[in-house]
Amino acid sequence: MTEIAIAGAGIGGLTAALCLHEKGFKVRVFEAVPELKPLGVGINLMPHSSRVLHDLGLGDGLDEIAIRTRCIEYRTKYGHLIQSDPRNVEAGFVAPQYSIHRGELQFLLLETVWERLGRDAVQANKPVEGFSQTGDRVSVHFADGGSHDCDLLIGAEGLRSKVRRQLHPDEGPLCYEGTMMFRGAVETDVIGDGKTMVIAGNHDVKFVTYPISEKLRKKGRALTNWVAEVRHDTPRHIQDADWSRGATIDFIKEFDDFQMADMNIAEILKASSNVTEFPMVDRDPLPFWSRGRVSLLGDAAHPMYPMGANGATQAILDAEVLADELSKNPGPDGLKAYEEIRLPFTANVVLTNRKGGPEQVLDIADARVKGPDDRIEDLITREELEQVAANYRNVSGFQKKTA
């Protein structure tokens, strides 16, 4: 039986473990942190990635903890509705879009791996430092001096992947977009229908919010996840960026002129006890992911700006294609086939996100709407907005079902 090692027990790595197990492979996952904990705040899973998880039998688990996102509302800072982009199955998608706490999703995946592959399938406190390979085996090298021999290695350890670094030792620094992202989650009253994601503002100052707890929604409350994005002239904490880095809400003044009828942004920010910051960074697309018996997946392969809910989504899609291609050819040729499918696709997402992705509608509106009394319908056509949405659906790979 082909044995595959995965470096990293994040969303991509754990999904890959489940997909590979479904195809009959033996899988071991090695995670750097000493103890896995449900950390993080909110993320979104687009319909085509949640379809993968439904196919793995995780639909009921997702529905228990995550919000089925009804739509994404793009708004001006004055509260005008620029566009409502539906994301639910009623709109014709094959599966729901979910808004979910990242740690809860990770643990849903982890507990499923434990149940199906056994508790010893995931080993914590095993940072992968590198690898060596011969013609028919690869040896995974750990920070503690130990090693593990297997048939294939998948680097899924995120933005600072050591596997990626060994494959591409001369890669330059992270690419910084100029924006700092401040994040938090706080219990609030239900905002709107309790199932809508709101993105308001423009490319320089933006506020994103969405609920992430179905359990709390059923109690008439919301766990409201928010992201405040502010462009900075002076870079902060880029090469040492860490999602756990604490921050203050001194940026709150940037949102003084935001006017949302259904929420008070200042109150949401002030009520948040734990605020973190992270720069909007990515990396240039790579010329290759695979060499011999080693390849990359998720953020290790294609870190991208967090626009269009594509980070976790594309990692999950990687996992499915990886398993499909290795089931046809369980060796280096299978890894190359996976790369040939996924690398150009994700490279296009990375480059499109640099241009604003689906959020380009915010800048179209910002250039034309000059005050709260302006009318969107007088300044932007529905066809112009739908073209942006349709183009991004094509780029990121999620389309409505055809009749």
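Is it true that Tyr176 is closer than 30 Å to His232 by Cα, modelled with pLDDT of 95 or more, out of contact with any Leu (no Cβ under 8 Å at 6 or more places or on another chain) and of a type outside the set (A, V, I, L, M, F, W, C)?
Values: closer than 30 Å to His232 by Cα: yes; modelled with pLDDT of 95 or more: no; out of contact with any Leu (no Cβ under 8 Å at 6 or more places or on another chain): yes; of a type outside the set (A, V, I, L, M, F, W, C): yes.
Against the criterion (closer than 30 Å to His232 by Cα, modelled with pLDDT of 95 or more, out of contact with any Leu (no Cβ under 8 Å at 6 or more places or on another chain) and of a type outside the set (A, V, I, L, M, F, W, C)), Tyr176 does not qualify.
Of the numbered conditions (1) under 27 Å from Leu14 (Cβ atoms); (2) of a type outside the set (Val, Ile, Thr); (3) at pLDDT below 95, Asp233 satisfies every one except a single condition; which is it?
All conditions pass for Asp233, except number (1).
Given the conditions (1) surrounded by fewer than 17 Cβ atoms within 10 Å (Cβ to Cβ); (2) under 27 Å from Leu20 (Cα atoms), and given that Asp250 satisfies all but one, which numbered condition is not satisfied?
Failing condition for Asp250: (2).
Residues that are over 19 Å from Val294 (Cα atoms), open to solvent by less than 30 Å² (accessible area, probe 1.4 Å) and at pLDDT 95 or above: find the helices (runs of 4 or more DSSP H) completely inside region 1-91 holding 2 or more of those.
Details: elements: 11-22, 47-55, 59-65.
Counting at least 2 such residues, we get 47-55, 59-65.
Just to be sure, is Glu277 over 19 Å from the mean Cα position of the chain (by Cα) and touching a residue at least 12 places away in the same chain (Cβ under 8 Å)? Step through it out loud before you land on a result.
Numbers: over 19 Å from the mean Cα position of the chain (by Cα): no; touching a residue at least 12 places away in the same chain (Cβ under 8 Å): yes.
No.
Does region 193-226 hold any residues that are open to solvent by 20 Å² or more (accessible area, probe 1.4 Å) and on the phi > 0 side of the Ramachandran plot, and which are they?
Gly220
Enumerate the pairs (first residue in region 205-221 and over 16 Å from Met263 (Cα atoms); second residue anywhere and among the acidic types (Asp, Glu) and not in a loop (DSSP other than H, G, I, E, B)) with beta-carbon separation below 6 Å, excluding pairs fewer than 6 apart on the same chain, so at least 6 apart or on different chains.
Close Cβ pairs satisfying both conditions: Val205/Glu254.
Can you tell me which of Asp366, Asp373, Asp333 is more than 25 Å from Thr76 (Cα to Cα) and of a type outside the set (Ser, Thr, Tyr)? Can you show your working first?
Details: Asp366 fails: more than 25 Å from Thr76 (Cα to Cα); Asp373 fails: more than 25 Å from Thr76 (Cα to Cα).
Sole residue among the options that is more than 25 Å from Thr76 (Cα to Cα) and of a type outside the set (Ser, Thr, Tyr): Asp333.
If Arg293 satisfies every condition in (1) under 26 Å from Val128 (Cβ atoms); (2) touching a strand residue (DSSP E or B) at 6+ places or on another chain (Cβ under 8 Å); (3) at pLDDT below 90 but one, which is the exception?
(3)
If I filter region 84-91 for residues that are without any contact (Cβ under 8 Å) to a residue 40 or more places away in the chain, under 17 Å from Ala309 (Cα atoms) and small (Gly, Ala, Ser), do I get at least one hit?
Checking region 84-91: at least one residue is without any contact (Cβ under 8 Å) to a residue 40 or more places away in the chain, under 17 Å from Ala309 (Cα atoms) and small (Gly, Ala, Ser).
Hey, among the residues in region 263-283 that are of a type in the set (Asp, Glu) and surrounded by 14 or more Cβ atoms within 10 Å (Cβ to Cβ), which one's farthest from Thr209 (Cα to Cα)?
First, pick out the residues of region 263-283 that are of a type in the set (Asp, Glu): 267, 277, 282.
So of that shortlist, the ones also surrounded by 14 or more Cβ atoms within 10 Å (Cβ to Cβ) come out as 277, 282.
On the way: Glu277: 16, Asp282: 22 Å.
My answer is Asp282.
What helices (runs of 4 or more DSSP H), lying completely within region 294-384, carry at least 2 residues that are open to solvent by less than 10 Å² (accessible area, probe 1.4 Å)? Don't jump to the end; show me each part of the working.
Numbers: elements: 311-328, 332-354, 360-368, 376-379.
The helices (runs of 4 or more DSSP H) meeting that bar are 311-328, 332-354, 360-368.
Give me a count of the residues in region 97-137 that are surrounded by fewer than 20 Cβ atoms within 10 Å (Cβ to Cβ), charged (D, E, K, R), in contact with a strand residue (DSSP E or B) (Cβ under 6 Å, 6 or more places away or on another chain) and within 22 Å of Pro34 (Cβ to Cβ).
Matching residues across region 97-137 total 1.
Looking at (1) closer than 30 Å to Leu296 by Cβ; (2) in a loop (DSSP other than H, G, I, E, B), which is the one condition that is false for Glu229?
Unmet for Glu229, out of (1) closer than 30 Å to Leu296 by Cβ; (2) in a loop (DSSP other than H, G, I, E, B): (2).
Being more than 27 Å from Arg87 (Cα to Cα), touching a strand residue (DSSP E or B) at 6+ places or on another chain (Cβ under 7 Å) and either among the aromatic types (Phe, Trp, Tyr) or in a loop (DSSP other than H, G, I, E, B) (or both) is true for just one of Asp257, Asp284. Which residue is that? Break it down into steps so the answer makes sense when it comes.
Details: Asp257 fails: touching a strand residue (DSSP E or B) at 6+ places or on another chain (Cβ under 7 Å).
The conditions single out Asp284.
The values are calculated or read from the model by the stated rules, or taken from the named source; none is laboratory data. Bear in mind the structure is a predicted one, so any value in this text is a computation, not a measurement. A quick note on method: Cβ atoms are made from the backbone with ideal geometry, for glycine too, and the neighbour counts reach across all protein chains shown. These area figures cover heavy atoms from the full protein model, side chains too; ligands, DNA and RNA do not enter into them. Shrake-Rupley method; radii C 1.70, N 1.55, O 1.52, S 1.80 Å.
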